[in-house]
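*Asks:* Quick one: this structure, given as structure tokens, is what I'll be asking you about.
The values are calculated or read from the model by the stated rules, or taken from the named source; none is laboratory data. Only a predicted model underlies this, so the values are computations on that prediction, with no experimental measurement involved. Because the Cβ atoms are built from the backbone with ideal geometry, glycine has one as well, and the counts that use them run over all protein chains shown.
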Amino acid sequence: MKISKAEPRKAQARAREMVILFVVGGVTFAIAANAVDEIRELADIQVLPSAIPHQKLTKVRHTLRRQGRRYFVVDAGAHFQMLSTQPTRLMVMRHSPAAVIVDAIDRMQEIQSIQALPEAFSGEERRWYRGLTLIKGKVIPVVHAEAFLTKAETTLLNAAMRSGEIAAKMAVTA
Amino acid sequence: MIQFATTRQTFVLFPIGKKRFALPAEQVSELAHQDEPQAFPHTTPLLTGVVLRRNQIVPVADVAPLLAGPDAPGRKFYLVMNRPGKMRPSRTAIPVTGECELVDAEWLPVTGKLPLYVCGLLSLQDEIVEVLDIEKLMSAEVSS
């Protein structure tokens, strides 16, 4: 059997960036700090008037009104297809109308590099993660902030909300 | 990439349960003691997590249930494989259930009805060992 030499770290991108470490279902994730506008408690979120008839959107069951804007609240546990979560915090995204329910915020941390997700990973995770980073020997997935709610999903949700609002108005006037 | 050769080649034999399988030695980069893999959410079949090998993140593919059924015994070592990859070569760790052995043998073509991931046979003293095509073994059609 051959003993391999350590491969050069071509896959690593020099990334030195500030991330927020958050926990969902016992797993720690990282997200770019500049993708998050606010971290808040779960108060003020409202249940969607009706369920969205689309399997991929069952992760959205609440909305949040904040500074005159509507945010769709994404359950991170459902997004990552995890079974057991204990949500306590909400991360409001900066560049999309999404707010993400997580179990806990761990801390802010500067990371030195992000390694590409190994090619063996070929499923949904290729959309979920920008890559992996190492913090004190622990492998942490760095999430794509945009993947929590894509533009297509936002369009579907807005359309569902509009049709729900119209139906509600018609019910009142009838 | 699987290449048949008429000459003898070197293979790594490894046990999974009661059976032994073979991989061409040039595809194997190292044998390591099993560390607990670190897991995070994903949807790729067979992958159980990742391990750190020389500061490189190596995915772990547990093929034992596929090869030996759900009652495969506990895994003791990792065989770390070199894989071609679309962008660049990559490595994948395969947990095995016992000690591995290096043998020189002739790579014989598959005869009879065997799973798609068997790409050859080795005729050893008292056993026939299946040579695995790791890419086919890990492909979605086989593993899902």
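*Asks:* Find all pairs meeting these conditions: Cβ atoms under 9 angstrom apart; at least six residues apart or on different chains; first residue within the range B:50-63 and within 21 Å of B:Ser139 (Cα to Cα) and more than 7 Å from chain A (Cβ to nearest Cβ); second residue in a loop (DSSP other than H, G, I, E, B) and among the basic types (Lys, Arg).
*Replies:* Pairs that qualify, where the first residue is within 21 Å of B:Ser139 (Cα to Cα) and more than 7 Å from chain A (Cβ to nearest Cβ) and the partner is in a loop (DSSP other than H, G, I, E, B) and among the basic types (Lys, Arg), are B:Asp62/B:Arg75.
*Asks:* Here's a follow-up. Please enumerate the residues belonging to the range B:48-105 that are part of a loop (DSSP other than H, G, I, E, B), touching a strand residue (DSSP E or B) at 6+ places or on another chain (Cβ under 8 Å) and more than 23 Å from A:Glu125 (Cα to Cα).
*Replies:* If the condition is that a residue be part of a loop (DSSP other than H, G, I, E, B), touching a strand residue (DSSP E or B) at 6+ places or on another chain (Cβ under 8 Å) and more than 23 Å from A:Glu125 (Cα to Cα), then B:Ala72, B:Arg75, B:Lys76, B:Thr97, B:Gly98, B:Glu99, B:Cys100 are the ones that fit.
*Asks:* State yes or no: is B:Asp71 more than 7 Å from chain A (Cβ to nearest Cβ), at pLDDT below 80 and under 28 Å from A:Gln81 (Cα atoms)?
*Replies:* yes
*Asks:* For the range A:67-89, enumerate the residues that are assigned to a strand (DSSP E or B) and loosely packed, with under 15 Cβ neighbours inside 10 Å.
*Replies:* If the condition is that a residue be assigned to a strand (DSSP E or B) and loosely packed, with under 15 Cβ neighbours inside 10 Å, then A:Arg69, A:Arg70 are the ones that fit.
*Asks:* Somewhere in the range B:95-110, is a residue within 22 Å of A:Glu119 (Cα to Cα), buried (at least 19 other Cβ atoms within 10 Å of the Cβ) and in contact (Cβ under 8 Å) with a residue 40 or more places away in the chain?
*Replies:* In the first step, residues of the range B:95-110 are kept if they are within 22 Å of A:Glu119 (Cα to Cα); the result is B:95-96.
Adding the requirement that they be buried (at least 19 other Cβ atoms within 10 Å of the Cβ) leaves B:95-96.
Within this subset, residues satisfying the condition of being in contact (Cβ under 8 Å) with a residue 40 or more places away in the chain are B:95-96.
There is at least one residue in the range B:95-110 that is within 22 Å of A:Glu119 (Cα to Cα), buried (at least 19 other Cβ atoms within 10 Å of the Cβ) and in contact (Cβ under 8 Å) with a residue 40 or more places away in the chain.
*Asks:* Quickly run through the range B:2-12 and pick out the residues that are at pLDDT below 95 and either in a helix (DSSP H, G or I) or of a type in the set (A, V, I, L, M) (or both).
*Replies:* Scanning the range B:2-12 gives B:Ile2, B:Ala5.
*Asks:* Now for a separate question. Can you name every residue in the range A:90-115 that is in a strand (DSSP E or B) and surrounded by 17 or more Cβ atoms within 10 Å (Cβ to Cβ)?
*Replies:* A:Leu90, A:Met91, A:Val92, A:Met93, A:Ala98, A:Ala99, A:Val100, A:Ile101, A:Val102, A:Ile111, A:Ile114, A:Gln115
*Asks:* Looking only at the range A:116-146, which residues are assigned to a loop (DSSP other than H, G, I, E, B) and either more than 9 Å from chain B (Cβ to nearest Cβ) or closer than 16 Å to B:Thr43 by Cα (or both)?
*Replies:* A:Leu117, A:Pro118, A:Glu119, A:Ala120, A:Phe121, A:Ser122, A:Gly123, A:Glu124, A:Lys136, A:His144
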